[in-house]
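J.: To start, I am sharing the structure in question, which I have written as structure tokens.
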Amino acid sequence: MRTAPEMGRIHDISQTLRPALPVWPGEPPFALERLAQIGPDCPVNVSAMSAPLHAGSHADSPFHYANDGTASGECDLDPYIGRCVVIDVTHAAGSVTPADFAPDAIAGAERVILRTYASFPADAWDSAFTAIAPETIALLARAGVRLIGTDAPSLDPQESKTLDAHHQVLAADMRILEGLVLEGVAPGIYELIALPLKIAGADASPVRAILREFDR
């Protein structure tokens, strides 16, 4: 009788939300406002936060790139939980193409996360990040992949007006994670948990993304 695999070490692959967090050029910074503070007349600390929905580690909803797309609060959660493969493509130049990884690396995978940074730029915005080529998204879709993740802030180049990779994702009804932190994470198979918040009408949502190792 086969037993379920035991789970091991957890890798937190989320960026820390903070005032100094690099955000898309032109978007407001993350802010945390203290509304109440523990003191003689107050028993609790209470805060409010504001942030762009695409700040840090986040899940794009289909509504981000299609007016009739599903918003974050209505997205099925299943694509964001389960077995995934992490692939090192730090050698890719400009964009990740199908030639940048072996075809068998994605065999049977429903979730694929691509590591493009050898060293993640946690404290500065990188406008020349490595995008994901539309033909790569098409290849993943044909292989049965339901979710694509990247440590870059977007699948498409910063200045793209056509969002070709995003629209390949839309055509295949895949889901997207962006802005992940993959330093210290070896290529291989993990369990992914990265749930978007239930925000009505939202084009994206912050996620607390983790990868959990399989012991056996």
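Just so you know, all these numbers are worked out from the coordinates, no wet-lab data involved. Note that the structure is a prediction, hence the values are computed from the model and not measured. Cβ atoms come from the backbone with ideal geometry, glycine included; neighbour counts cover every protein chain shown.
J.: Identify all residues within the stretch 41-56 that are assigned to a loop (DSSP other than H, G, I, E, B) and either of a type in the set (Ser, Thr, Tyr) or under 29 Å from the mean Cα position of the chain (by Cα) (or both); write none if there are none. Can you show your working first?
T.: First pass over the stretch 41-56, keeping only residues assigned to a loop (DSSP other than H, G, I, E, B): 41, 43-45, 51-56.
Hits for the stretch 41-56 are Ala51, Pro52, Leu53, His54, Ala55, Gly56.
J.: Before we move on, is Leu163 within 20 Å of Pro52 (Cβ to Cβ), among the aliphatic types (A, V, I, L, M) and touching a His at 6+ places or on another chain (Cβ under 8 Å)?
T.: It is false that Leu163 is within 20 Å of Pro52 (Cβ to Cβ), among the aliphatic types (A, V, I, L, M) and touching a His at 6+ places or on another chain (Cβ under 8 Å).
Condition check ((1) out of contact with any Gly (no Cβ under 9 Å at 6 or more places or on another chain); (2) of a type in the set (Ser, Thr, Tyr); (3) surrounded by fewer than 18 Cβ atoms within 10 Å (Cβ to Cβ)) across all residues:
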{"position": "Pro121", "(1), (2), (3)": "yes, no, yes"}
{"position": "Thr130", "(1), (2), (3)": "no, yes, no"}
{"position": "Pro153", "(1), (2), (3)": "no, no, no"}
{"position": "His166", "(1), (2), (3)": "yes, no, no"}
{"position": "Gly179", "(1), (2), (3)": "no, no, no"}
{"position": "Glu191", "(1), (2), (3)": "no, no, no"}
{"position": "Ala194", "(1), (2), (3)": "no, no, no"}
{"position": "Ala202", "(1), (2), (3)": "no, no, no"}
{"position": "Leu211", "(1), (2), (3)": "yes, no, no"}
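J.: Scan the stretch 78-132 for residues that are polar (S, T, N, Q), assigned to a loop (DSSP other than H, G, I, E, B) and touching a strand residue (DSSP E or B) at 6+ places or on another chain (Cβ under 8 Å) and jot them down.
T.: Within the stretch 78-132, Thr90, Thr116, Thr130 meet the criteria.
J.: All but one of (1) in contact with a helix residue (DSSP H, G or I) (Cβ under 8 Å, 6 or more places away or on another chain); (2) more than 23 Å from Pro134 (Cβ to Cβ) hold for Gln168; which doesn't?
T.: Of everything listed in (1) in contact with a helix residue (DSSP H, G or I) (Cβ under 8 Å, 6 or more places away or on another chain); (2) more than 23 Å from Pro134 (Cβ to Cβ), Gln168 misses just condition (2).
J.: Let me ask something else about it. Within the stretch 185-216, track down each residue that is more than 27 Å from Ala51 (Cα to Cα) and of a type outside the set (A, V, I, L, M, F, W, C).
T.: Pro187, Gly188, Tyr190, Glu191, Arg212, Glu213, Asp215, Arg216
J.: Pairs please, first residue from the stretch 182-194 and at positive phi, second anywhere and surrounded by 13 or more Cβ atoms within 10 Å (Cβ to Cβ), Cβ atoms under 8 Å, 6+ apart in sequence or on different chains.
T.: Pairs found: Gly184/His11; Gly188/Val85; Gly188/Val86.
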